[in-house]
Structures are given as C-alpha cells and as structure tokens.
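The values are calculated or read from the model by the stated rules, or taken from the named source; none is laboratory data. Source: prediction; values computed, not measured. FYI the Cβ positions are ideal-geometry reconstructions off the backbone, even for glycines, and counts take in every protein chain you see.
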Amino acid sequence: MAVVPIVLEFSRVAKDSSLSLTLLTAGAAWSLGEDVGDGSMGFSYNALTLGEMRQSCISSVELTDSVLTIRTSANAATDSFTFALFLDVSSEVEAVQGYCTLNMDARVVCHLGYGVPSEWRSGIFSAIVPPIPVDYRRIRLNIQGPLMGAPVSIELMTESSEPGAASWSFAAEGSVDSGFRVRAIDGTPLCIQTLSISERKIKVGIGTTQKNASDLLIDMYLRRVDKSSAEKDDGSAMRKLQRILLRADRGACAAVIAQVGAQRPQYLTTAYKCFYF
Amino acid sequence: MAEACGETGGVVTTDEKWRLFPAKPGIDIGRKGATVKRLASSGAADRPVIPDRTLTSGIADATRSDAEGKEPQPEDLLFFAHPIELTFYSLRANSEARVTLNADNKARWACGNPRSQLVGVSLLASPRGATLCLSTFTINHREIYLATNQACPELYVRLFLHTLEPAFSGRADLPSAGGLTIESLIDRTSLVERGLSSFSVALR
C-alpha cells in the first residue's frame, strides 16, 4: 500500500455547479494521507501558499474513498482553487482511472506524486502512479512580492550529527518527472535577472521594480547523499538523513515560502528552519 | 445472533449499540488493547456475524492485506468509525480556527468507514449554497484547520473518527467570539470563548 500525494489545480470553473472526480480503479482511494503527526498536508484547500487571502468560490466539498465532490457557489468571486490530498494505492496498481464531471471550460491540472503534471477535462481521466524516489524530495520555493534589490538567496544545511548530506537537485534519478521548473504564478513574464544554483545555495536576482509583480515559483528537488563509506563503518550505515535546515535572505521581496514533499509550507527567514525529509 | 462469536469473537453482545467485528474468522479482539491473534481453529460457530449496512462501526478490509500475503497489522485492522459533526459559529473575517486531537489517544480523523460509499469528509456552508468563506482549510489525521477570509456565521464540518476508545479528547483554538460545537452520535460539547480550550466527547 502506497500513499501518493496529489495536487489538483482547478481553473475556469463555472459558478453554481457541481464538480466531481470519481475514481474507478479498484485498489485506489482518496485519503487524508499517512498518520505522521500534524505536519502532513492531509486534505487541504488553497493551502500551498501562505498568508494569501484568496477569495473562495466553493460552497461545499465532500471527500469519500472514491469521490471528490465540490459545489461552487452562485456568487463566486473567483474561478480557480487548489486541492491537495492523497491517493492510497495498493501495490499492484500502476495507473489510476476515473472520470471528471466538470463544466466544459474547466481544467484540472493534476500533479500526482513526482510525475509530470497532466491536464484533466470533463470525461475520463487517467494517470500513472509514479514510484516514490527514496533519496529525492520535491521542494517548492515561492518568492512572494518579488522586487529589485539585494538578490534572494536560499541556503540548505544539514546538522553535522546527521548521517548524510543534502544538496539541490534538478530531477529524481531514473524517473519521468517534472524536474526543475521556474514560473510566475499567473503566467506573466518571469522577472528574474540572474539565477545561480550551487550545491547548497540558490541565488535569484529580481529584475522588476513593479510593486505588485507576480509571485515566482521554483520547483526542484532535494537529494540526500550518504556520507563516504569510510565514515559509515561505525554502524550508522542503515540510518538515512532525516532533517534538513533551510534559511533565506529575502532581499527586498515580501516573503519566501518553502514546501518539502507533502509537508505543510513554512516561511523561510534568516534563521534556519527545520524540514523533514 | 451476535453470541455466535462466543469466546473468540469476544466483544460482541446483543444489547450493545456499538459493535466491533473481527475482520474475518479466527481473529480475536481485545476490547481496548487492540490485540489481534490468529486462532488455530475456526469452526463454524466461531464465525463472526456479517455486519449489516446500517451499522456505523467498521473495520478495515482484512482480505486485501491478506491477498498481499502480509500479516495484518492490528492498528490497521480494528477501529470503530464514529461520525462526528463540528459546527463553527460566528468566525470573524481573517481569523483561524484549529481543532487538534490529543496526541496520546489513538484517535484519528478519517474520511469514512470501510463501507462508506458517498459519505465521508464534508465541509458545508450555512445556509446551503452560500459561499464557504474560507481562504484555506487543512484536514489531516490529527488536525482540522480553517482560515476565513470573510465573516462566517456558520460552517459545518462532518467527518469520521477512527478509534477504539469510548471517548476522544482534544483542543480547540478559536478566534475571539467564535464558537464551536462538537457532536458525536450520543454526546456533544460547545466551546464559546476566545483562545485555547480542551474538550472531551463520549462516543459510545
């Protein structure tokens, strides 16, 4: 039984209508995720960015093993929203199938596990359940309110007591995935002047002086590596790196938010913040 | 009918409203400890009664984990699934409400029981059809978190609680002047105060 995180980005949804996503594959079910304390995203709505007072357009939502039903309200102020949830799949399931009941204009961009995003429209949908890479985790960095000034730098650190190290990575080894991606949140031109990535540090020079420029999203991977074999002889070979530390200098930008895997996002500050691998 | 389980079925009695059925013949259930052991013999008299669909208690599908050739894990196998309704009242605009289960009791929020078909987790604005004034919500196994973007007169969250215990407890963190009622099938508690309060609700 594997628990795969799934993110559904709905857009161009009609007012006062009922949308549903029904799973047809036996052995696959929507779920609230693994029971790992309260750090998990679970079933959530618009929770991938922090501090954003988004308008709501839904009037009710219901989740069962096989169906996700959303009703939009008649006086909806917006037509897009994001749900994050999990898919429980038994080990023999390699792909899931189902159908969406949506208005004809509506689109759902589905990010299943570490796979490439797929776009679903009204009708049958299907998605391959990608294997979960052991030593890679997806990280999403969200630079809010980008503004020209000192470059934004995001640093990665591991504790010296941990049995390994971590580095930035562009893609998980041996899997078809979405890799490294930089985009502006609403599809406007990117306002990046420079971008440099070293093993432990990302530096982004912002090239806009507009006060309300679109937020930047950087999707990439964290990779954990074991320490050299000489150091592993003391019996710690079985342990893997569990915690990483992240900090950011946000320059003139409003905030930098990081989300690792399916954990809840956190603001990055100049002090180190802890994330679990 | 339920006495058919006899010694091996253990917990099932006819006058008890809440029943916990073993997943399949030959599994013995301790009432609280959730200990599961396979019995060597499972005669016809030991067979548990198939629960009817009106019951709200349930257990996970043991046949599936058996098909994978794995030993079923006790904590996966046995629980009561209790429907719970939470009603949030008069939440202010741009405020947050949080309901967290205590970490020490082995209870978790869930989206149904194993026989659930169309009823699971639901969030509903009141009156029906009104916009759900939430900028974000998160429901995971331990926590329900809501953040409003407008004043929200009333909001229902219905979901299931999976536990073996006869009651569950937790904490609620409500915004100023906000209210919360937590209702199980047999018990209810109402919290109307600013800040952090703890609660306990009987289940059976």
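Hey, does the stretch A:30-47 have a residue that's under 18 Å from B:C111 (Cα atoms), outside any loop (DSSP other than H, G, I, E, B), facing chain B (nearest Cβ under 10 Å) and touching a residue at least 60 places away in the same chain (Cβ under 8 Å)?
So far as the stretch A:30-47 goes, yes, one or more of its residues are under 18 Å from B:C111 (Cα atoms), outside any loop (DSSP other than H, G, I, E, B), facing chain B (nearest Cβ under 10 Å) and touching a residue at least 60 places away in the same chain (Cβ under 8 Å).
Within the stretch A:62-81, how many residues turn out to be of a type in the set (D, E) and part of a loop (DSSP other than H, G, I, E, B)?
Narrowing the stretch A:62-81 to residues of a type in the set (D, E): A:62, A:65, A:79.
Checking the rest, the ones that are also part of a loop (DSSP other than H, G, I, E, B) come to A:65, A:79.
Final tally of qualifying residues: 2.
Condition (residue is polar (S, T, N, Q) and at the interface with another protein chain (Cβ under 8 Å from one of its Cβ atoms)) applied to the stretch A:92-115: is it met by at least one residue? Before the answer, list the steps.
Initially, the stretch A:92-115 is screened for residues polar (S, T, N, Q), giving A:97, A:101, A:103.
From what's left, at the interface with another protein chain (Cβ under 8 Å from one of its Cβ atoms): none.
Within the stretch A:92-115 (the criterion being polar (S, T, N, Q) and at the interface with another protein chain (Cβ under 8 Å from one of its Cβ atoms)), the answer is no, since none of the residues qualifies.
With respect to B:L180, is the statement that it is more than 13 Å from A:S60 (Cβ to Cβ), in contact (Cβ under 8 Å) with a residue 12 or more places away in the chain and in contact with a His (Cβ under 6 Å, 6 or more places away or on another chain) true? If you could, list the steps in order and put the result at the bottom.
Numbers: more than 13 Å from A:S60 (Cβ to Cβ): yes; in contact (Cβ under 8 Å) with a residue 12 or more places away in the chain: yes; in contact with a His (Cβ under 6 Å, 6 or more places away or on another chain): no.
For B:L180, the condition - more than 13 Å from A:S60 (Cβ to Cβ), in contact (Cβ under 8 Å) with a residue 12 or more places away in the chain and in contact with a His (Cβ under 6 Å, 6 or more places away or on another chain) - is not met.
Of everything in the stretch B:87-131 that's small (G, A, S) and more than 8 Å from chain A (Cβ to nearest Cβ), which residue is nearest to A:T22 (Cα to Cα)? Even if it seems obvious, please write down each step before you answer.
Restricting attention to the stretch B:87-131, the residues satisfying the condition of being small (G, A, S) are B:90, B:93, B:95, B:97, B:103, B:107, B:110, B:112, B:116, B:120, B:122, B:125-126, B:129-130.
Filter again for more than 8 Å from chain A (Cβ to nearest Cβ), leaving B:90, B:93, B:95, B:97, B:107, B:126.
Numbers: B:S90: 34, B:A93: 33, B:S95: 33, B:A97: 30, B:A107: 28, B:S126: 26 Å.
For the stretch B:87-131, the residue satisfying everything is B:S126.
B:P114 versus (1) more than 16 Å from the chain's Cα centre (by Cα); (2) more than 15 Å from B:L174 (Cα to Cα): which is the lone unmet condition?
Among (1) more than 16 Å from the chain's Cα centre (by Cα); (2) more than 15 Å from B:L174 (Cα to Cα), B:P114 violates only (1).
Please go through the stretch A:151-205 and pick out each residue that is aliphatic (A, V, I, L, M), touching a Gly at 6+ places or on another chain (Cβ under 6 Å) and touching a residue at least 60 places away in the same chain (Cβ under 8 Å).
First, pick out the residues of the stretch A:151-205 that are aliphatic (A, V, I, L, M): A:152, A:154, A:156-157, A:165-166, A:171-172, A:176, A:182, A:184-185, A:190, A:192, A:195, A:197, A:202, A:204.
Narrowing further to those that are touching a Gly at 6+ places or on another chain (Cβ under 6 Å): A:152, A:171.
The answer is A:V152, and nothing else.
More than 27 Å from A:A29 (Cβ to Cβ), at the interface with chain A (Cβ under 10 Å from one of its Cβ atoms) and either crowded, with 19+ Cβ neighbours inside 10 Å or not basic (K, R) (or both): does that describe B:S135? Quick ask: steps written out before the conclusion?
Numbers: more than 27 Å from A:A29 (Cβ to Cβ): yes; at the interface with chain A (Cβ under 10 Å from one of its Cβ atoms): yes; either crowded, with 19+ Cβ neighbours inside 10 Å or not basic (K, R) (or both): yes.
Considered against the rule, which asks whether it is more than 27 Å from A:A29 (Cβ to Cβ), at the interface with chain A (Cβ under 10 Å from one of its Cβ atoms) and either crowded, with 19+ Cβ neighbours inside 10 Å or not basic (K, R) (or both), B:S135 comes out as yes.
One line per residue, one yes/no per condition, for (1) in a strand (DSSP E or B); (2) out of contact with any Ser or Thr (no Cβ under 7 Å at 6 or more places or on another chain):
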site: A:A150; (1), (2): no, yes
site: A:S153; (1), (2): yes, yes
site: A:P163; (1), (2): no, no
site: A:A166; (1), (2): yes, no
site: A:A171; (1), (2): no, yes
site: A:S178; (1), (2): no, yes
site: A:P189; (1), (2): no, yes
site: A:T194; (1), (2): yes, yes
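So, in the stretch B:166-180, of the ones that are surrounded by fewer than 16 Cβ atoms within 10 Å (Cβ to Cβ) and at negative phi, which residue ends up modelled with the lowest pLDDT? Talk me through it step by step, then tell me what you get.
Filtering the stretch B:166-180 down to residues surrounded by fewer than 16 Cβ atoms within 10 Å (Cβ to Cβ) leaves B:166-167, B:169, B:171, B:176-177.
From the residues that got through so far, the ones that are at negative phi too are B:166-167, B:169, B:171, B:176.
Details: B:P166: 90, B:A167: 92, B:S169: 94, B:R171: 93, B:S176: 87.
It comes out as B:S176.
With the structure loaded, tell me whether A:A252 is in the same structural domain as A:E173 (by TED's automatic domain parsing), surrounded by fewer than 16 Cβ atoms within 10 Å (Cβ to Cβ), modelled with pLDDT of 85 or more and among the hydrophobic types (A, V, I, L, M, F, W, C) or whether it fails that test. Lay out the reasoning, then the answer.
Values: in the same structural domain as A:E173 (by TED's automatic domain parsing): yes; surrounded by fewer than 16 Cβ atoms within 10 Å (Cβ to Cβ): yes; modelled with pLDDT of 85 or more: yes; among the hydrophobic types (A, V, I, L, M, F, W, C): yes.
Spelling it out, A:A252 is indeed in the same structural domain as A:E173 (by TED's automatic domain parsing), surrounded by fewer than 16 Cβ atoms within 10 Å (Cβ to Cβ), modelled with pLDDT of 85 or more and among the hydrophobic types (A, V, I, L, M, F, W, C).
Only one of (1) outside the structural domain of A:E34 (by TED's automatic domain parsing); (2) within 14 Å of the chain's Cα centre (by Cα); (3) assigned to a loop (DSSP other than H, G, I, E, B) fails for A:Y114. Which number is that?
The failed condition is (1).
So A:V67 passes all but one of these: (1) at the interface with another protein chain (Cβ under 8 Å from one of its Cβ atoms); (2) touching a residue at least 60 places away in the same chain (Cβ under 8 Å); (3) not basic (K, R). Which condition number does it fail?
So the condition that A:V67 fails would be (2).
For A:L63, are the conditions met, namely being surrounded by 16 or more Cβ atoms within 10 Å (Cβ to Cβ), modelled with pLDDT under 90 and either more than 25 Å from A:A171 (Cα to Cα) or more than 20 Å from the chain's Cα centre (by Cα) (or both)?
Values: surrounded by 16 or more Cβ atoms within 10 Å (Cβ to Cβ): yes; modelled with pLDDT under 90: no; either more than 25 Å from A:A171 (Cα to Cα) or more than 20 Å from the chain's Cα centre (by Cα) (or both): yes.
For A:L63, the condition - surrounded by 16 or more Cβ atoms within 10 Å (Cβ to Cβ), modelled with pLDDT under 90 and either more than 25 Å from A:A171 (Cα to Cα) or more than 20 Å from the chain's Cα centre (by Cα) (or both) - is not met.
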